[in-house]
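Engineer: Just dropping this structure here.
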Amino acid sequence: MGTTLKGIFLSLFISLLLFSVVFASDDGLVRIGLKKLKLDPNNWLAGQLDSKDREALRVSIAKKYRFPTDLEDSEDTDIVALKNYMDAQYYGEIGVGTPPQKFTVVFDTGSSNLWVPSAKCYFSVACYFHSKYKSGDSSTYKKNGKSASIQYGTGAISGFFSNDNVQVGNLIVKNQEFIEATKEPGVTFLAAKFDGILGLGFKEISVGDAVPVWYNMVKQGLVKDQVFSFWLNRNIEGEVGGEIVFGGADPNHYKGKHTYVPVTQKGYWQFDMGDVLIGDKPTGYCAGGCAAIADSGTSLLAGPTSVITMINQAIGAAGVVSQECKAVVQQYGQTIIDLLVAGAQPVKICSKIGLCAFDGTRGVSMGIESVADESNGKSSGILHGAMCPACEMAVVWMQNQLMDNQTQDRILDYVNQLCDRMPNPMGESAVDCKSISSMPHVSFTIGGKVFKLAPEEYILKVGEGSEAQCISGFTALDVPPPRGPLWILGDVFMGQYHTIFDYDKLRIGFAEAA
């Protein structure tokens, strides 16, 4: 789940405001209101996950892979209000046990397990800063005992499975299997504003083959229609951070009709996406189709490094200089252009010039230790295995510029600029807050329709005045074929487009949020 932002300062002693208000509205729905915590830019890190953990929290991608039009008369629709923390986390309250013990959880469409901290978590500092489940205080607790471990980039959350009733809004899911976390190493969950995670992905990626909460909602007849929907309020000053609606969609939170695309692979909510546009110009990268995942547990919008770098260059985001990228352009740039002009298949070019092996689908790093510098006969020694992916990115960039009829000198200059814009090791890139109004739209083609993101929608701004810091909402993630290229449309995208997850018809719908 959840993509991170750049950490600034860690403040552990932040009071979590969780005075929930449950009330029945005049449309027959039960809404849970969460009060919003006063935001402090210095506590930014408290709303983030470690950069290595973010990929694991939305599950290890490389390893796996009819709704009502009017809800006024529906008693089988449940709405849970979400709390927005710095446009980086959306979480709401659930109850576990009888009487219900309250926890805040991220409702994560990129994973499938429910876990909360256990009272038997003795040696992880994170547990002392969050609510803990006490099985002895619940009359509906059932012992399970099966061990559980969810791997993360910098460790693991581990514990054991238990069974108990879970309250989500006004719904009571009986005998739900969940994980009592007894170990939460590192600072990831110490700093998090939530206690646990409630996964809304498919059972195919559920750890321990546990039946997800959503499956049991459907099986136990708690929802009329087998759909749930997300509205994420991107206004951090808003009283409500958003809503997740189980059993339907609230028409007050979207405009027009949803554009639906079928789920192509169960596990994540995965679908096929078309080309990515910068301004009104297609990048061509996904013209033949790319896989995408709608993931409420990822804060940013992640995609292949080659395209993310093009986007960050267009918006003026500064990352770190990649020496490997520069070396490729200097030594092989003209050769790559010549091969492209001659009609060579782009996917085979890097193997033709000896930087990659070719396995029939993509370049594969040859583990190059050094390449002779023809000008002086010396070995550069900086290339290693990174030359192959650097070459593949350069090919994409040059092909894009050739399609735009640019001169060869202009192409080489452009690619060198992109090398300077490659994301830093943490995956995020900073931008000048004063330049937001002049940045281009970035758009994604889904179901034949173009979904635009304006600069103020994809830039995350923290602080005010001269202290403000702005971060690009685009971060790099490279997943090779056949599972990739893969895009993760996280909260940056879902905040602008109301999203319906249709479990019955195995499809996902997007409409402009209202």
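Engineer: Give me a comma-separated list of calculated 3J(HN,Hα) values for the range 297-308, in order, Karplus coefficients 6.51, -1.76, 1.60 applied at θ = phi - 60°, integers in Hz, x for any Gly or Pro.
Structural biologist: x, 10, 6, 9, 10, 10, x, x, 3, 4, 7, 4
Engineer: Give, in nm to one decimal, the length gained when the segment between Arg410 and Ser149 is fully stretched (0.36 nm per residue of separation minus the Cα-Cα distance). Present the calculation step by step, with values, prior to reporting the outcome.
Structural biologist: Values: separation 261, 0.36 × 261 = 93.96 nm, distance 5.14 nm.
Gain on extension, Arg410 to Ser149, equals 88.8 nm.
Engineer: Here is the link list: Lys120/Lys203; Lys146/Lys266; Lys134/Lys461; Lys255/Lys461. Which ones come out longer than 32 Å on Cα distance?
Structural biologist: Correct reply: Lys134/Lys461.
Engineer: I need the fraction of alpha carbon pairs in the range 158-241 separated by more than 17 Å, rounded to a whole percent.
Structural biologist: 60
Engineer: Quantify how much of the Cα-Cα distance distribution of the range 427-514 extends past 19 Å, in percent.
Structural biologist: The answer is 51 percent, as a whole percent.
Engineer: FRET efficiency for Val211 and Tyr122, Cβ-Cβ distance as r, R0 = 22 Å, nearest 0.05?
Structural biologist: Between Val211 and Tyr122 the formula returns 0.15.
Engineer: Now for a different question. If you build the Cα gyration tensor of the range 170-215 and take the root of 5 times each eigenvalue, what three semi-axes come out, in whole angstrom, biggest first?
Structural biologist: Details: eigenvalues 101, 37, 22 Å².
Sorted largest first and rounded, they come to 22, 14, 10 Å.
Engineer: What value in Å³ per residue do you get for the convex hull of the alpha-carbon atoms in the range 200-318?
Structural biologist: 177
Engineer: How are the C-alpha pair distances of the range 384-483 spread across 10 Å bins, as whole percents from the shortest bin up?
Structural biologist: All Cα pairs, binned at 10 Å, distribute as 12, 31, 40, 15, 1 percent.
Engineer: Additional query: According to a simple spin-label model (label point 7 Å from Cα along Cα-to-Cβ), what is the distance in nm between Lys434 and Lys255?
Structural biologist: Placing both labels 7 Å beyond Cα along the Cβ direction yields 3.2 nm.
Engineer: If you roll a 1.4 angstrom probe over the protein chains with everything in place, what fraction of the accessible area of the range 96-221 belongs to carbon and sulfur, to the nearest %?
Structural biologist: With neighbouring chains kept in place, the figure for the range 96-221 is 54 percent.
Engineer: Bin width 10 Å, alpha-carbon pairs only: give the P(r) of the range 286-356 as whole percents, running from 0 to the bin holding the largest distance.
Structural biologist: 14, 36, 36, 13, 1
The values are calculated or read from the model by the stated rules, or taken from the named source; none is laboratory data. Computed from a predicted model, the values in this text were never measured in an experiment. Virtual Cβ from ideal backbone geometry, glycine too; neighbours counted across all protein chains shown. Side chains are part of the model used for accessible areas, which takes the heavy atoms of the whole protein and leaves out ligands, DNA and RNA. Shrake-Rupley method; radii C 1.70, N 1.55, O 1.52, S 1.80 Å.
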